[in-house]
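Have a look at the structure below before the remarks.
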Amino acid sequence: MSWLLPALAGLATGVLSGFGVGGGTLLLIYMTSLAGVPQDQAQGINLLYFLPTAATALFYHRKNGYLKGEAARPAILWGLAGTALAAWGATAMDVELLRKCFGVYLLAVGLHELFCKKAR
């Protein structure tokens, strides 16, 4: 039964990735907290995990007409710049500091979700 927890984590993160809401964050939490993978390695694995899951979800979103190039272009261009900067910083950073930064990020997102009222 040692396969059950990794299978459930993979299924849950796959579902979230299909929705386009960041299954990788859950995957990082699983790998670092439960599977004992160091933060820097977990982030690399997460990037590799993202490629096939994003491709699968992208196929269905495109098929259903949910992709709008004019809206995506600025996000993609600025996202590439941010990704390059963050990848450079993350690979130069001490693993423990990286882990703490990720924890602070998760805490901030969680607090925002709990206490910030969303306008409809």
Practice item. Please enumerate the residues belonging to segment 11-57 that are surrounded by 13 or more Cβ atoms within 10 Å (Cβ to Cβ), within 20 Å of residue 102 (Cβ to Cβ) and small (Gly, Ala, Ser). Key: 12, 17, 22, 23, 24, 35, 42, 44
Practice item. Determine the pairs where a residue that is over 18 Å from residue 5 (Cβ atoms), located within segment 27-54, has a partner that is among the β-branched types (Val, Ile, Thr) with Cβ atoms under 7 Å apart, the partner being 6 or more residues away or on another chain. Key: 38/95; 39/32; 39/95; 40/95
Point to revise | Subset of segment 19-74 (residues that are under 23 Å from residue 106 (Cβ atoms) and acidic (Asp, Glu)) | key: 40
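When only residues in segment 33-73 that are among the β-branched types (Val, Ile, Thr) and either modelled with pLDDT under 90 or in contact with a Pro (Cβ under 7 Å, 6 or more places away or on another chain) (or both) count, which is farthest from residue 93 (Cα to Cα)?
56
The values are calculated or read from the model by the stated rules, or taken from the named source; none is laboratory data. Values in this document were obtained by computation on a predicted structure and should not be read as measured data. Cβ coordinates were reconstructed from backbone atoms using ideal geometry, including for glycine residues, and neighbour counts include every protein chain displayed.
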